[in-house]
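*Asks:* Mind having a look at this structure? Questions to follow.
The values are calculated or read from the model by the stated rules, or taken from the named source; none is laboratory data. Here the structure is a predicted model, which means the values were calculated and not measured. Ideal geometry is used to build each Cβ from the backbone, glycine not excepted, and the neighbour counts take in all protein chains shown.
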Ligand code: ZN
């Protein structure tokens, strides 16, 4: 089975369409979305439509929940909060109901999806280093867990002795007895210094994981954010991927 796994589209339809095009030659059997379809960008309804159009299984991110009033924005920064309030006004009934239907965890065969960390999925912790990854490894029953949330693409690898290391070099081939926490990066608002949209291909038959990047019309996505009256900073950061 070849999985197309992506996260954090954040209402950036230009980036999401580029990723869907990027998957075109990859013979994907099944699409999985690791949350945060909405929040920050100018096209929330369109992004929900695209993900549904792929028949993707999606789980909930903190922005998805915040935009439908299921999570307080007390811990959101002012830019994120403003985007949540803007998005909540724009989302219409069917899209709200879709976001309401998203679960926090999805499990299938040898993989699990969670937006933040698997130990406390509703707390939306960031998995930023080996210690953060350990919280997920400690409760991970499957071989591989795909996460998002930090918008930084990379892979935590736990060997058979329990030692955890981190790599941003892909593709990797999964080793017997090892387990993996794969941050697939962000489609619509990368923060690892590469402004291009991030997406992942997992081939469960070949046991390989690759994280790829694809360029998109950043200038247009930024312009739409500014024209929508959203904070300019949310458009500007797309240019640098920070
Ligand atoms: Zn996010």
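*Asks:* Mind checking which strands (runs of 3 or more DSSP E) fall wholly inside segment 148-242 and carry at least 1 residues that are loosely packed, with under 14 Cβ neighbours inside 10 Å?
*Replies:* 164-167, 208-214
*Asks:* Being more than 14 Å from the chain's Cα centre (by Cα) and buried (at least 20 other Cβ atoms within 10 Å of the Cβ) is the requirement here; does residue 63 meet it?
*Replies:* Criteria not met by residue 63.
*Asks:* Okay, moving on. Is there a residue being touching a helix residue (DSSP H, G or I) at 6+ places or on another chain (Cβ under 8 Å), farther than 25 Å from residue 10 by Cα and more than 16 Å from the ligand (Cβ to nearest atom) anywhere in segment 140-159?
*Replies:* yes
*Asks:* So if I check each of 79, 75, which one is under 30 Å from residue 228 (Cβ atoms) and at pLDDT below 95?
*Replies:* Numbers: 79 fails: at pLDDT below 95.
Only one candidate passes the filter, namely 75.
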